[in-house]
Amino acid sequence: MILAELELFHSRPIAPTRRVAIGRTHLPADPPPGYGGLLLGGVVANNIGALDPDLIPDLHKLMNQLDQDMRIPQPRLRHRLQEDRVGLQRSLHKLVGQGESVSFEFDDRQGDPAQQLLGAVYAAGRMPPGPRRSVMATLRRAMSWTGPIGPDLVASLAGFERGRSVSTRVFDDPVGWALDTLGFINGARRGTGGVGPDRKQIQQHYRRSLMGAHPDHGAGRVDAAQRIADITEARRILLG
């Protein structure tokens with residue numbers, strides 16, 4: 001299942017006129033950064049290592065300008081953003097879900113790193129101000145990524161530690177996932193009158209869940225670290 005998609009058009013790397021255009025996009029960012037932010041972060045992480053180091057400051061400047069909704073002078077990173085796609089090559093990037101897991105599918109064989117990075121950053125800049133800020137923060141984290149493009153990157157972009165898998169449900173229904181993780185069920189899950197549990201109830205369930213997951217209290221050691229990380233993240237989602 002396609003969770004997010006970014007279509008880019010760009011000139012050939014050897015063309016004298018360097019151009020970039022954004023095509024079809026499906027970049028959900030609710031709640032931020034959402035699947036769209038994960039995909040754009042993946043594109044950045046996948047290309048930042050091959051970018052000319054002299055262009056890094058300009059990329060940072062461009063991101064700040066887009067984040068603040070400023071006018072963007074052209075060209076940037078030696079490329080010009082345009083609407084016309086005639087004569088340009090196409091790249092298509094996807095974030096796909098298989099069961100509970102998510103993974104990247106990049107198609108960037110024809111474009112150079114600067115073109116892919118510009119496409120991702122400009123796409124983030126087109127988002128509404130609310131999610132845009134969170135997505136830009138995700139892209140900045142992606143710029144410092146040095147590991148493989150895989151599950152650890154997904155976890156890092158989502159705000160988790162390396163070495164843990166990120167369920168698609170964390171993005172589809174984060175509050176529901178958090179409530180389930182802390183053991184709220186049936187009527188107590190949503191509270192009375194459609195109101196969720198209060199802060200005291202959340203803290204009580206957090207402490208109870210944490211104790212039940214800890215090996216020192218009889219829980220198994222297999223996956224204990226991830227279970228504890230899930231419980232901690234669930235509390236953060238519910239308490240803000």
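The values are calculated or read from the model by the stated rules, or taken from the named source; none is laboratory data. Source: prediction; values computed, not measured. Ideal geometry is used to build each Cβ from the backbone, glycine not excepted, and the neighbour counts take in all protein chains shown.
For GLY183, which of the numbered conditions (1) surrounded by 15 or more Cβ atoms within 10 Å (Cβ to Cβ); (2) part of a helix (DSSP H, G or I); (3) at pLDDT 85 or above; (4) of a type outside the set (Ser, Thr, Tyr) fails to hold? Tallying (1) surrounded by 15 or more Cβ atoms within 10 Å (Cβ to Cβ); (2) part of a helix (DSSP H, G or I); (3) at pLDDT 85 or above; (4) of a type outside the set (Ser, Thr, Tyr), GLY183 fails exactly one: (2).
Number of residues in the range 3-57 that are at pLDDT below 95 and β-branched (Val, Ile, Thr): the value is 2. The set of residues in the range 80-100 that are closer than 21 Å to PHE171 by Cβ and loosely packed, with under 14 Cβ neighbours inside 10 Å comprises GLN98, GLY99, GLU100. Scanning the range 61-71 for residues being loosely packed, with under 15 Cβ neighbours inside 10 Å and closer than 26 Å to PRO28 by Cβ gives a total of 4.
Residues in the range 101-127 that are at pLDDT 95 or above and exposed (fewer than 14 other Cβ atoms within 10 Å of the Cβ): GLU105, ARG126.
Filtering the range 11-50 to residues that are of a type in the set (A, V, I, L, M, F, W, C) and closer than 29 Å to SER101 by Cα leaves ILE22, LEU27, ALA29, LEU38, LEU39, LEU40, VAL43, VAL44, ALA45, ILE48, ALA50. For the range 19-30, indicate whether the set of residues that are crowded, with 22+ Cβ neighbours inside 10 Å, touching a strand residue (DSSP E or B) at 6+ places or on another chain (Cβ under 7 Å) and of a type in the set (Ser, Thr, Tyr) is non-empty. The answer is no; no qualifying residue exists. Scanning the range 152-166 for residues that are modelled with pLDDT of 70 or more, of a type outside the set (A, V, I, L, M, F, W, C) and in contact with a helix residue (DSSP H, G or I) (Cβ under 7 Å, 6 or more places away or on another chain) yields a single hit, SER156. Scan the range 141-150 and give yes if some residue there is surrounded by fewer than 16 Cβ atoms within 10 Å (Cβ to Cβ), modelled with pLDDT under 85, closer than 27 Å to PHE104 by Cβ and within 14 Å of the chain's Cα centre (by Cα), otherwise no. Taking every residue of the range 141-150 in turn, none turns out to be surrounded by fewer than 16 Cβ atoms within 10 Å (Cβ to Cβ), modelled with pLDDT under 85, closer than 27 Å to PHE104 by Cβ and within 14 Å of the chain's Cα centre (by Cα).
Could you list, in sequence order, all residues of the range 27-81 that are farther than 23 Å from GLY130 by Cα and aliphatic (A, V, I, L, M)?
ILE48, ALA50, LEU51, LEU55, ILE56, LEU77, LEU81, listed by residue number.
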